[in-house]
């Protein structure tokens, strides 16, 4: 019996070379110094990816990638499907943890100088994997298809559309047409389930092949310099003198770290639960408090805090510079000292990056302009801001109230601080300027040209133009002499004919206040 089993094993071994495969992968020699807690972030990232694949497949059995069905299927997962809420929680927190673990892994590689010769391609592939992981996290948020997802896509499309020459074509390709709809969700579903994971797995295979081929970076000793002419011999000597197979000698800390991470994700899924879906996505309902998930919240804070007109720098110039620095780093600094204690500039760079992202994320969660401003929507407009208004202006006040404009803008004493105070906006902007701002957006304000009707924009701008003190002159174009506008309608647009008053407002008699 034993001889028969041995013959079967040998038959498979001669064809599959399993022993050789084991020796070249799990059993490959690594420096004993790498059996450290600092070297566990890579395997922890792989664990998160595995969880994402497993939970994603299970969720795909129920989820329907349709603008009409996606939201109900998520509610079904939350409240009907056994353990559906748990799977969603594991998927959501696994995504966040994957971003965190990968960022920590890249930080450890950077501080330990593992990007230097001969591991340049290993570092570059890791940087690309980080970007792909962020893409998978963003497309995963869209799968919820709630207000956060819908307006997140809108903001992303607005940013993409500002790319010179090809911006419009890229937006049309991403959205599947001129508007956000079922085609958009289908394309994001294809990105999230097929294209991005497939690319990630393929590049991960290349990354692991590079790790196995060039070895795991040893813990650098102070004063030991990396030289291209001598490092290969030095590393082989380290493996000969201090080498050990990864399994079973060095894997122990990885197993403990991965176990703790798995427990943390399970606890978050059990006691915090999945995110959303929140308010259903409605194109005709402007949700100004919509916000991205945690990995992107710092970008929202940066966009809100930076001066108007800095979006190109934030979303185009800085990312290109940042990615360029990461890609060129191993070629510019490919030799020399690797020990982090003797590289103070690297330490300061890491501290600065983490401090900036941490403070911006904290500001996004707690700042007075942050997206937790739904309370303003329920407060009535002050009486002095609707007194003596024309029917068109009163209709604009209703639009202003119903579209939650005060979530971002203060009027009177109440409102958010994400946008400018509008209490006296009539003295600062003309009606054509207000029309352009509402339709096209600008600064930190999204464009509402596709979410508000022409009549709503006309009435809203008429109301905003009336927001000035009685003794103040409204803003006007210096080239155009002042002209009374009895109906409070935006200049340059045809007048509203027989505009009905807002609900509950009685039609006042027509009196010329300028006579």
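The values are calculated or read from the model by the stated rules, or taken from the named source; none is laboratory data. Only a predicted model underlies this, so the values are computations on that prediction, with no experimental measurement involved. Here the Cβ is made from the backbone with ideal geometry for all residues, glycine too, and neighbour counts use every protein chain on show.
Selection over region 300-309 of residues that are in contact with a helix residue (DSSP H, G or I) (Cβ under 8 Å, 6 or more places away or on another chain) and free of Cβ contacts under 8 Å to residues at least 24 places away in the same chain gives a count of 1.
Cβ separations smaller than 7 Å between residues 6+ apart or across chains give the following pairs from region 310-333 residues that are in contact (Cβ under 8 Å) with a residue 60 or more places away in the chain to residues that are surrounded by 14 or more Cβ atoms within 10 Å (Cβ to Cβ) and in a helix (DSSP H, G or I): 311/303; 315/159; 326/127; 327/124; 327/127; 330/120; 330/123; 331/120. Taking residue 287 as the residue in question, decide whether it is modelled with pLDDT of 90 or more and under 20 Å from the mean Cα position of the chain (by Cα). So residue 287 does not fit the description; no. For region 415-433, residues that are part of a loop (DSSP other than H, G, I, E, B) and over 16 Å from residue 381 (Cβ atoms) total 7. The listed residues are 26, 4, 68, and the only one of them that is more than 30 Å from residue 176 (Cα to Cα), at pLDDT below 95 and outside any helix (DSSP H, G or I) turns out to be 26. If the condition is being surrounded by fewer than 18 Cβ atoms within 10 Å (Cβ to Cβ) and in a loop (DSSP other than H, G, I, E, B), then region 29-44 contributes only 36.
Might you let me know whether region 45-63 holds any residue that is surrounded by fewer than 19 Cβ atoms within 10 Å (Cβ to Cβ), in the same structural domain as residue 189 (by TED's automatic domain parsing), in a loop (DSSP other than H, G, I, E, B) and at pLDDT below 90? No: region 45-63 contains no residue that is surrounded by fewer than 19 Cβ atoms within 10 Å (Cβ to Cβ), in the same structural domain as residue 189 (by TED's automatic domain parsing), in a loop (DSSP other than H, G, I, E, B) and at pLDDT below 90. Taking the conditions exactly as written (assigned to a helix (DSSP H, G or I) and surrounded by 13 or more Cβ atoms within 10 Å (Cβ to Cβ)), does residue 321 satisfy them or not? Spelling it out, it is not the case that residue 321 is assigned to a helix (DSSP H, G or I) and surrounded by 13 or more Cβ atoms within 10 Å (Cβ to Cβ).
Only one of the numbered conditions (1) touching a residue at least 60 places away in the same chain (Cβ under 8 Å); (2) crowded, with 22+ Cβ neighbours inside 10 Å; (3) in a helix (DSSP H, G or I) is not met by residue 98, and that is (1). Scanning region 243-262 for residues being within 11 Å of residue 39 (Cβ to Cβ) and touching a strand residue (DSSP E or B) at 6+ places or on another chain (Cβ under 7 Å) gives a total of 2. No other residue among 79, 71 is more than 30 Å from residue 242 (Cα to Cα) and touching a strand residue (DSSP E or B) at 6+ places or on another chain (Cβ under 7 Å) apart from 71.
Of all residues being surrounded by 12 or more Cβ atoms within 10 Å (Cβ to Cβ) and part of a helix (DSSP H, G or I) in region 376-389, which is modelled with the lowest pLDDT? Just the residue, please. Going through the qualifying residues, I end up with 376. Every listed requirement among (1) part of a helix (DSSP H, G or I); (2) within 30 Å of residue 324 (Cβ to Cβ) is met by residue 113 save one, (1).
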